[in-house]
Structures are given as structure tokens and as C-alpha cells.
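Chemist: Please read through the structure below; I'll follow up with questions.
The values are calculated or read from the model by the stated rules, or taken from the named source; none is laboratory data. Everything numeric here is computed off the predicted structure, so don't read it as measured data. Reconstructed Cβ throughout: ideal geometry from the backbone, glycine too, with neighbour counts over all protein chains shown. Surface areas here come from the heavy atoms of the whole protein model, side chains and all, with no ligands, DNA or RNA. Shrake-Rupley method; radii C 1.70, N 1.55, O 1.52, S 1.80 Å.
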Amino acid sequence: MKVIKRIGWGLLILILLIGLALAVWEPLSISSTAPPPDKNYEVRIVRDDFGVPHIFGKTDADVAFGVAYAHAEDDFDTLQEVTAMTRGRMATLNGADSAPIDFVAALLDVDGTVDRKYDDLPEDVRALLDAYASGLNKYAEEHPEEVKLAKLFPANGKDIARGFVLRSPFFFGLNGPIEKLIGNEPLLREGGPRLSGDVDDKTIHPLSKDKMLTPVGTDPDENGSNAYAVAPSHTEDGDTVLISNSHQPLRGNVAWYELVVHSEEGWDFAGANFPGSPYPFLGHNKNLGWTNTVNRPDLIDIYKLKLNQTRSAYQYDGEWKPLQKKRVWLKIKFGPFVVPYPQIVYRSIHGPVILNDEGAFAIRYAGIDQLDMLTQYYRLNKAQSFEEWQAAMAGQGVPATNFIYADAKGNIGMFYNAMFPDRARGYDWRGVLPGDTSAVVWQKSLPFTRVPALINPQSGYVMNANNTPYVAAGPGDELSPSSFSPLMGIENDQTNRSRRSIALLEKANADGTLTDAELRTIKYDTGYEKAGYAGAWMDQMTALELPIRMKDGGQYINAQKLLAEWDWNLDGKGSADALALMVLRPANKAHYQRGEVPKPEDILKETVDHLMEYFGRIDPPMMDVLRLRQGDVDLPIDGGNDTIRASTLWDVEEDGRLSVRHGDSFIQFVEWDKAGKVTSRSIQPFGAATTRPDSKHYTDQMQLFVDKKLKPVHFDPAELEKHKTSDKIVRR
């Protein structure tokens with residue numbers, strides 16, 4: 001008995017020691033990151049009525065330091081997530097759901113790219129990245145109680161660069177083939193059927209089941225945006241107008257953060273960035289501005305490798321090349337413990353490699369192993385003319401994203417920006433390519449002069465709403481598909497927002513003039529066009545013979561009749577709006593993802609059952625159902641998925657209501673008058689301090705946002721002085 005007791009106590013002590021080790025080993029295994037070069041920075045941070053930071057510095061580096069510090073004051077939680085993501089420690093911070101992000105960072109060799117390319121960046125760009133990291137470190141030093149992971153700070157410029165490398169390719173869909181290959185699922189041709197020789201529908205990878213393999217919010221299946229520019233010849237007052245209407249997650253590491261920067265080195269800009277960026281990604285300076293929408297050209301190629309029997313080498317140009325192999329340890333938080341989880345990542349000459357039951361598949365994608373996007377965004381911020389802006393664009397660092405441009409001289413343009421691979425003819429680039437020949441392994445991108453662009457069209461406007469670049473202005477001003485090689489993989493998609501935008505712009509522009517009121521009405525439009533997938537889907541829904549596999553078809557038949565009478569507008573005024581809102585979401589998802597369309601009877605049943613369970617009726621007011629919620633503020637909101645006024649995605653709350661988490665986010669209207677003077681207005685869904693519930697700026701823009709109102713951007717420092725609510729100096 002005593003022996004058993006001794007064994008029992010010994011086992012208990014062993015378990016406790018193992019538990020203690022799992023709880024504390026992870027930070028001990030992390031080497032401290034070298035801090036940025038020891039430099040002094042001084043910045044003045046002025047906040048306006050809505051808490052938006054206006055950052056003043058002598059040098060651009062000073063300003064970048066202040067950008068990080070000001071953002072940390074408002075949302076240090078998200079900045080820590082981004083920093084953890086760049087270090088492969090996301091799962092340590094957030095648990096198993098974040099493990100795929102750490103795996104993908106290793107698969108893409110993010111660290112290797114930064115190590116190889118960082119020193120090649122221009123000195124002023126590296127100075128900006130180091131300064132931004134120093135701003136994060138400064139805040140962390142002053143607020144150690146807010147730091148969530150040991151040895152997360154100090155950060156340095158390479159950490160900031162890693163965030164760009166990891167997130168960029170997922171905006172054009174890199175998650176798709178990675179998920180399919182890991183899960184042994186069929187690879188799909190763009191808009192087409194299963195590829196011949198595709199893998200079976202099996203799951204063998206421990207990270208593939210019910211996991212997202214992308215940094216939060218960067219999945220293009222959930223992204224969107226609208227963008228418009230109008231020439232002075234077609235506005236009521238002769239102004240040039242730029243409308244930025246990005247659709248992003250309302251929270252998280254790709255949620256917009258509004259800011260204004262002023263440097264004595266000539267960097268003056270008002271716009272918004274993502275957490276982890278030292279500069280805005282969109283907005284305006286005194287002379288020009290731009291905004292972005294996600295585009296989805298074919299920028300990813302898949303190669304099947306011929307392996308030897310031991311799967312240690314692959315055939316390439318008649319030789320056997322060793323398959324690079326590296327063991328990585330995912331450090332996953334489970335309760336109080338951090339558990340090491342081993343994974344193997346592979347790489348070939350082509351790029352990252354995934355092994356599954358069908359063999360080895362290599363992936364090559366636009367922007368692979370480069371950091372030039374860091375330089376391009378900075379040069380765009382500093383450009384002062386259309387010529388300088390186009391020169392920055394020609395640097396081709398941003399792998400994909402449409403740019404809608406406008407300036408004080410009245411120029412407008414739509415650029416279907418992408419790093420199009422310079423592909424060889426004679427291969428099916430939409431299929432799986434042979435991996436044993438260098439003939440199909442492209443080495444460069446097509447020059448910027450080959451990018452589809454529409455500049456100063458006769459219609460007087462350009463637009464994009466995540467649609468084909470061949471529809472970007474009025475009829476007669478379109479780009480011709482015949483002018484571009486099919487090897488570029490340019491998309492042909494239309495969205496409801498693109499169809500609706502053109503229809504409304506053409507109607508308003510019939511007299512040759514677009515007024516401010518008309519542009520505001522268009523931007524906040526909640527209607528659907530009956531053409532395209534929406535019309536086809538609703539026709540199927542209303543033509544169903546009910547009940548189908550349903551015990552009581554009465555409510556479903558009533559819902560079907562209600563939908564047949566719907567007015568095609570999600571303005572919250574119609575009795576069928578809640579139904580239409582919910583049944584259209586799956587149809588748009590299938591259309592936008594180019595995936596399988598669900599069965600309409602299943603979607604109708606799910607929607608009716610939900611409304612009956614939580615609201616006791618199939619026709620509740622839509623704005624009782626769809627809500628914008630933050631803290632204690634709970635407001636009704638209109639719009640839906642793929643309406644110009646976008647309430648794209650939502651979480652189903654405990655009360656059955658739909659809390660919007662993705663859609664209209666940062667909105668900005670910019671105008672240059674006849675004299676070239678710029679003014680702008682903007683709005684955000686919540687406020688400047690999105691993760692600070694005790695701040696008055698946690699929710700102070702919500703009512704304006706749902707009321708479709710804008711606030712002034714105090715870009716002129718003299719005007720800002722009349723509206724400042726705080727003024728501080730931060731030094732390092």
C-alpha cells in the first residue's frame with residue numbers, strides 16, 4: 001500500500017511538473033529579438049473631436065514612430081496580435097484556432113523572405129519600419145501590464161516587414177489552393193469544373209479540419225469594396241471627387257484605422273491603414289488621392305512534382321533536386337498550457353510544397369519572395385503628381401489590388417493593378433502544371449504598362465466594385481478584353497454592386513452632371529439588380545414546389561410568396577427584407593467564391609426556421625434583425641451582402657439578431673475644388689478607440705455611421721487647432 005501511495009504521489013508530482021513546464025516553457029524557448037537601432041524620435045500627437053490622431057514630426061521616421069504609438073493608445077490588443085502573427089506565436093496568444101496562421105507563415109517561409117530581402121530595401125524605407133517598431137516598443141515599455149506575451153517586445157523593422165509578406169497574398173486568394181491541397185480536396189478551375197487528376201475528397205492534415213488557413217480578414221471570399229472617381233467636367237461644382245468605400249472586417253488585424261500625418265519632409269496624408277503599417281494604404285494628400293478594391297486575377301500556379309520513391313527529391317530539367325524539408329513547432333495554447341505541435345514544411349524551386357495522398361504539389365504566386373510592396377506604398381504616400389504616382393505604381397510591389405485614382409488637376413483613373421506572371425504559351429495555366437520543367441516556372445512579372453487601366457474616360461467617371469476591369473465606366477468607355485492576353489487570367493466577374501453602380505451612375509449622369517447628393521445616394525444604395533446571380537437565385541427560390549422534405553410547409557410557402565413580392569431593396573422598409581437579406585447571403589457567397597450553389601429549399605428552410613424561432617414571424621422588420629453592436633450600443637442598420645451600402649457578414653447573437661462584423665468600414669469622400677484645394681469627410685463604424693471600452697471614442701461614430709452621415713477630416717493644421725481635444729509630445 002505504501003508503495004502504491006508513493007507511486008501515486010510521484011505520478012502526481014510528475015504531472016504537476018509537466019504542467020508547470022508546459023505553462024512556462026514557451027517564452028523560455030524564444031530568443032529576444034534585437035531592438036531597432038538606437039535612435040531618438042519626437043512626435044506631436046493631436047486628437048480631434050472624434051479622437052482621430054493627427055501626427056506631426058520633423059522627419060518621416062518621427063511620424064512613423066508616432067503612428068505606432070497613437071495606434072497603440074487606441075488598439076494595443078490588435079497590434080499585439082499582429083506582432084505575434086509575425087513571430088509565429090499567434091497560436092500561443094489565441095489558441096488552436098490560430099495555429100493554421102502560424103503554419104502558413106512557416107509554409108510560405110516568411111522569415112526567409114525577410115532575411116533574404118530586408119537589407120535590399122531603400123534606407124529610408126527601413127528607417128520608417130524601424131521607427132514604427134520603436135513606437136510599439138515605447139508604448140509596451142510604458143504599459144507592461146497590457147503586454148500579453150513574454151518576449152513579444154521589443155519588435156524591430158523586420159517584424160513589421162513580416163506582416164506585409166504574410167498577409168499580402170491572401171487578398172488574391174492564396175488560401176484557396178492551400179486549403180484544398182492540405183485537405184486532399186478537388187482543385188477547381190476558375191469558374192469551372194474539377195481538374196483532371198485532382199485529389200480525392202479526404203482529410204489527412206491535422207490543421208485542415210474546420211480551420212481557416214489565412215490571417216484573420218484577409219480571405220478574399222470575405223473582402224469587397226466600392227470605389228468611385230468623378231472628373232470635374234461631370235460634377236455640379238466642377239470639383240474632382242474621390243469616394244473610398246472599403247469593405248473590411250470591423251475589428252481585427254485588417255480593420256481600418258483612421259489617421260492624418262504631417263512631416264516637415266513633405267509627407268502630408270489623410271487616410272487609413274491596417275494595424276502593423278507605418279503609413280496609410282489609401283486616402284489623399286493635397287494634390288492627389290486613391291482608394292482600393294480587391295481584385296482576383298489568376299496569380300497562382302500549381303505544379304505537380306515527380307518524386308523519387310523516398311519522396312526526398314523531385315525531377316527538374318532531367319535532374320533530381322532535393323526536396324527541402326524543415327520541421328517547425330507550432331506552439332499552441334490550451335488553457336494555461338502551451339503545447340508544442342510538430343509539423344513539416346516543404347519547398348522546391350517553384351515555391352512552397354504540400355504533400356498529400358496524390359503526391360507533391362508546389363505553389364507559385366505573385367509577389368513570392370519579395371518586399372517591394374513596402375517601398376511602393378511609401379512612395380505612393382509621398383507622390384505629389386500623377387506622374388510621380390504612376391512611377392511609384394510602376395515599382396510593382398503590391399501583388400494585387402485595384403487602385404481608383406483622382407487628383408487636383410482633374411485626372412481620374414482605374415488601374416487593375418496586379419503582378420501578372422510572365423507565363424509561357426502552350427500550357428494550361430488554369431490547370432495543374434508539370435513540375436519537372438523550368439519552361440513553366442515564370443521568373444518575372446509583366447511590366448506596369450501591361451496592367452489594364454482606364455484614364456479620363458469620356459463618361460467622366462470610373463468605378464470598381466470587385467468586378468472585371470472591362471466594366472469600369474459608362475457604356476462605350478469600356479476596356480476591350482481582346483487587348484489583353486488570356487495568360488494574364490483577368491477576371492470576368494460582375495457583382496451586384498458593380499451592376500447597380502453602373503445603372504445608378506448612368507441614370508444620374510444622363511444630364512452630364514453628378515451632384516453631391518446623387519453621389520451620396522449612390523454610395524448608400526441598398527438595392528439589387530435583377531440581372532445576374534441574384535435574379536436567377538430568387539427565381540429558383542420562388543419557383544420551388546413546397547413543401548419539399550418539410551413537415552409543415554405552410555410558413556415556407558408564405559415565405560416564398562413574400563419573397564415573390566419583394567421590392568429588391570434592403571432598405572429595411574419592406575416586409576420581405578429580413579427574408580431576402582438572409583436567403584441572398586449564401587447565393588452571393590457561392591457566386592463570389594465561384595463555388596457550388598446551395599439548394600434553395602435548404603436555405604429557405606433555415607431562414608424561416610431562424611426567424612420563427614427568434615422573432616415568431618417570417619416578416620420581422622429587417623432593422624430589428626440586422627444590428628450594429630459595440631459595447632452597450634445596439635443600433636439598427638440597413639444594407640446587405642453585395643449591396644453598395646454593405647452589411648456583408650454578421651455573427652448570429654444569442655438573441656437571434658445578426659450583428660454586422662464585416663462590410664462598410666472606413667468611408668471617405670474627397671473633393672478638390674476648381675482652385676485645387678482639397679477637403680474631405682469620413683466615417684468609421686465604431687470610433688477611433690475600437691478596443692478601449694472606457695474611451696468616449698469607443699462608439700462615438702456609430703450613430704453617424706448608421707444615419708449615413710460623415711464628419712469632417714481636419715487635414716489643414718490650422719483648421720485642426722479649432723477642433724483639437726488633446727495635444728501631447730512623445731519622445732524616445
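Chemist: Is any helix in the chain, taking whole DSSP H runs, at least 20 angstrom long along its axis by alpha carbon and on average at least -0.5 on the Kyte-Doolittle scale, and which ones?
Modeler: On the way: long enough: 2-29 (39 Å, 1.56); 60-86 (26 Å, -0.01); 123-142 (28 Å, -0.52); 577-593 (24 Å, -0.02); 600-615 (22 Å, -0.45).
Once both thresholds are applied, what remains is 2-29, 60-86, 577-593, 600-615.
Chemist: Here's another thing I want to ask about it. Can you give the net charge of the other residues whose Cβ lies under 12 Å from the Cβ of F164, counting K and R as +1 and D and E as -1? The partial results should precede the final answer.
Modeler: Values: positive: K117, K158, R162, R167; negative: D159, D372.
Neighbourhood net charge equals +2.
Chemist: Please compute the per residue accessible area over the stretch 259-303 with all protein chains in place, 1.4 Å probe, rounded to a whole number of Å². Before the final figure, lay out each step's value.
Modeler: Working: 710 Å² over 45 residues.
The answer is 16 Å² per residue.
Chemist: Mind ordering 691-703, 397-409, 373-385 by average Cβ neighbours within 10 Å, highest first? It would help to have the intermediate numbers written out before the result.
Modeler: Numbers: 691-703: 17.0, 397-409: 23.2, 373-385: 20.5.
My ranking of the peptides, most packed first, is 397-409, 373-385, 691-703.
Chemist: So, one more: The stretch 392-466 to the stretch 476-490: how many Å between their Cα centroids?
Modeler: 11
Chemist: Sorted by packing (mean other beta-carbon atoms within 10 Å per residue), highest first, where do 712-725, 56-69 land? Walk me through the numbers on the way to the answer.
Modeler: Numbers: 712-725: 15.4, 56-69: 25.5.
Descending packing order for the listed peptides: 56-69, 712-725.
Chemist: Please list, or write none, the aspartates and glutamates whose alpha carbon is within less than 16 Å of the alpha carbon of K326, excluding same-chain residues fewer than 8 places away.
Modeler: Hits, sequence-local ones excluded: D102, D109, D111.
Chemist: I'd like to check one number: the per residue accessible area of the stretch 323-384, probe 1.4 Å, reported in Å² as a whole number.
Modeler: That works out to 38 Å² per residue.
Chemist: Under 15 Å from the Cβ of Y314, count the other residues' Cβ atoms, weight Lys and Arg +1, Asp and Glu -1, and hand me the total. Write out the running numbers ahead of the final one.
Modeler: Details: positive: K304, K306, R311, K321, K325, R347, R364; negative: D317, E319, E358, D436.
Result for the neighbourhood of Y314: +3.
Chemist: Sum -39500 (n - 2.57) across every DSSP H segment of at least 4 residues in the chain, then divide by the residue count to get the 222 nm mean residue ellipticity, nearest 500. All intermediate terms of the calculation are to be shown ahead of the outcome.
Modeler: On the way: 19 runs with 225 residues, N = 732.
Computed ellipticity for the chain at 222 nm equals -9500 deg cm²/dmol.
Chemist: For the stretch 433-529, with all protein chains present and a 1.4 Å probe, just round the carbon and sulfur fraction of the accessible area to a whole percent. Mind showing how you got there, number by number?
Modeler: Details: 1890 of 3730 Å².
Result for the stretch 433-529: 51 percent of the exposed heavy-atom area is carbon or sulfur.
Chemist: Calculate the FRET efficiency for S575 and A517 from the Cβ-Cβ distance with a Förster distance of 25 Å, rounded to the nearest 0.05.
Modeler: On the way: r = 28 Å, r/R0 = 1.14.
Plugging the Cβ-Cβ distance into 1/(1 + (r/R0)^6) gives 0.30.
Chemist: I need the peptides 123-129, 87-93, 705-711 ranked by packing, meaning the mean over residues of other C-beta atoms within 10 angstrom, with the highest value on top.
Modeler: Numbers: 123-129: 20.3, 87-93: 24.3, 705-711: 16.0.
Going by the mean number of other Cβ atoms within 10 Å, highest first, we get 87-93, 123-129, 705-711.
Chemist: Which net charge results when you count Lys and Arg as +1 and Asp and Glu as -1 among the other residues whose beta-carbon is under 11 Å from that of K711?
Modeler: Values: positive: R681, K709; negative: D48, D49, E258, D700.
Neighbourhood net charge equals -2.
Chemist: May I ask for log10 I(q)/I(0) of the chain at q = 0.08 Å⁻¹, from a Debye sum over the Cα atoms as equal point scatterers with solvent left out?
Modeler: Log10 I(q)/I(0), no solvent term: -0.67.
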